[in-house]
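J.: Structure provided below as structure tokens; questions to follow.
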Amino acid sequence: MASYIQIPDDEKGYELDVFCVPKHYEADLDRVIIPHGLIMDRTERLARDIVRDMGGHHIVALCVLKGGYKFFADLLDYIKALNQNSDKSVPLTVDFIRLKSYCNDKSTNSVKVIGGDELATLTGKNVLIVEDIVETGKTMETLLSLLSEYNPKMVKVVSLLVKRTPRSSGYRPDYIGFEVPDSFLVGYALDYNEYFRDLSHICVLKESATEKYKV
């Protein structure tokens with residue numbers, strides 16, 4: 001079972017005015033639930049766990065865009081630092097895939113894979129999928145099923161967040177940063193219709209903002 005930090009349902013979080021939050025988002029956010037510094041410390045530990053478990057293997061780190069780009073970049077920076085300063089190292093190459101399963105704040109039943117034609121290059125490789133958030137788990141199960149058709153040697157999944165929701169399929173990643181309540185979260189590259197990616201902390205979005213930024 002993957003270790004993780006559990007954020008309880010009744011977590012009060014932090015008032016916005018105790019952190020630096022962009023002025024243009026202040027009216028849209030309820031509270032900070034995971035400060036940026038805590039994200040970075042947890043990401044550093046995830047990097048250490050991955051190097052411990054996968055050290056010595058050539059890994060293709062597969063970033064799930066767009067929401068995963070910030071976590072992906074920071075995780076790889078920590079892995080690179082470990083590669084330079086420890087006895088065990090992980091040779092890395094990177095690739096990118098984009099999945100789409102959301103319309104506004106609702107998850108759809110279909111998953112659109114953009115860039116899937118290039119998955120054939122992963123045949124026989126050790127793959128580390130880097131995701132920002134696992135909610136129902138259906139999107140990741142779809143990707144893993146698609147990947148299996150190309151016969152990678154090994155596939156591991158690291159997700160910064162896993163949402164605690166009754167809609168979950170029961171899927172759990174191999175590495176988890178935080179287990180979070182069933183709230184709509186934004187920041188640290190998690191978006192709502194492309195807004196809030198430029199927010200450093202992970203925050204709870206106000207219900208009024210879902211209407212304001214609806215497409």
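The values are calculated or read from the model by the stated rules, or taken from the named source; none is laboratory data. As the structure is a computational prediction, the values presented were derived from the model and not from experiment. Don't worry about glycine lacking a Cβ; one is built from the backbone with ideal geometry, like all the others, and counts go over all protein chains shown. Accessible surface areas use protein heavy atoms only, side chains included; no ligands, DNA or RNA. Shrake-Rupley method; radii C 1.70, N 1.55, O 1.52, S 1.80 Å.
J.: Could you pull out the residue among Glu141, Glu118 that is of a type in the set (Asp, Glu) and either within 23 Å of Asp41 (Cα to Cα) or surrounded by 15 or more Cβ atoms within 10 Å (Cβ to Cβ) (or both)?
T.: Working: Glu118 fails: either within 23 Å of Asp41 (Cα to Cα) or surrounded by 15 or more Cβ atoms within 10 Å (Cβ to Cβ) (or both).
Every option except Glu141 fails the conditions.
J.: Being in a loop (DSSP other than H, G, I, E, B) and open to solvent by less than 50 Å² (accessible area, probe 1.4 Å) narrows it down to one residue among Tyr150, Tyr171; which is it? It would help to see each step written out before you state the result.
T.: Details: Tyr150 fails: open to solvent by less than 50 Å² (accessible area, probe 1.4 Å).
It is Tyr171.
J.: Residues being among the small types (Gly, Ala, Ser), within 20 Å of Val162 (Cβ to Cβ) and assigned to a loop (DSSP other than H, G, I, E, B): count how many of those fall in the stretch 184-207. Before you say what the answer is, go through the steps one by one.
T.: Applying the first criterion (among the small types (Gly, Ala, Ser)) to the stretch 184-207 yields 187, 189, 200.
From what's left, within 20 Å of Val162 (Cβ to Cβ): 187, 189.
From what is left, the residues that are assigned to a loop (DSSP other than H, G, I, E, B) are 189.
Looking only at that region, the number is 1.
J.: What are the pairs, 6+ residues apart or on separate chains, where a residue within the stretch 187-215 that is under 23 Å from Gly37 (Cβ atoms) and basic (Lys, Arg) has its Cβ under 8 Å from a residue that is open to solvent by 20 Å² or more (accessible area, probe 1.4 Å) and assigned to a strand (DSSP E or B)?
T.: Close Cβ pairs satisfying both conditions: none exist.
J.: Here's another thing I want to ask about it. Would you call Tyr14 surrounded by fewer than 16 Cβ atoms within 10 Å (Cβ to Cβ) and either in contact with a strand residue (DSSP E or B) (Cβ under 8 Å, 6 or more places away or on another chain) or acidic (Asp, Glu) (or both)? Can you show your working first?
T.: Details: surrounded by fewer than 16 Cβ atoms within 10 Å (Cβ to Cβ): yes; either in contact with a strand residue (DSSP E or B) (Cβ under 8 Å, 6 or more places away or on another chain) or acidic (Asp, Glu) (or both): yes.
Criteria met by Tyr14.
J.: A further question follows. Based on what the data block shows, is Thr93 among the polar types (S, T, N, Q) and either in contact (Cβ under 8 Å) with a residue 40 or more places away in the chain or part of a loop (DSSP other than H, G, I, E, B) (or both)? Don't jump to the end; show me each part of the working.
T.: Details: among the polar types (S, T, N, Q): yes; either in contact (Cβ under 8 Å) with a residue 40 or more places away in the chain or part of a loop (DSSP other than H, G, I, E, B) (or both): no.
Criteria not met by Thr93.
J.: Kindly list the number of the only condition in (1) surrounded by 15 or more Cβ atoms within 10 Å (Cβ to Cβ); (2) of a type in the set (Ser, Thr, Tyr); (3) not in a helix (DSSP H, G or I) that fails for Thr210.
T.: Result: Thr210 fails condition (3) only.
J.: Then there's this: Within the stretch 47-71, take every residue that is under 27 Å from Val18 (Cα atoms) and touching a strand residue (DSSP E or B) at 6+ places or on another chain (Cβ under 7 Å) and give me the one that is most open to solvent (accessible area, probe 1.4 Å).
T.: My answer is Tyr69.
Conditions tested, residue by residue: (1) of a type in the set (D, E, K, R); (2) within 20 Å of Pro173 (Cα to Cα); (3) modelled with pLDDT of 90 or more; (4) not in a loop (DSSP other than H, G, I, E, B).
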position: Leu62; (1), (2), (3), (4): no, yes, yes, yes
position: Leu75; (1), (2), (3), (4): no, yes, yes, yes
position: Lys80; (1), (2), (3), (4): yes, no, yes, yes
position: Ser107; (1), (2), (3), (4): no, yes, no, yes
position: Glu131; (1), (2), (3), (4): yes, yes, yes, yes
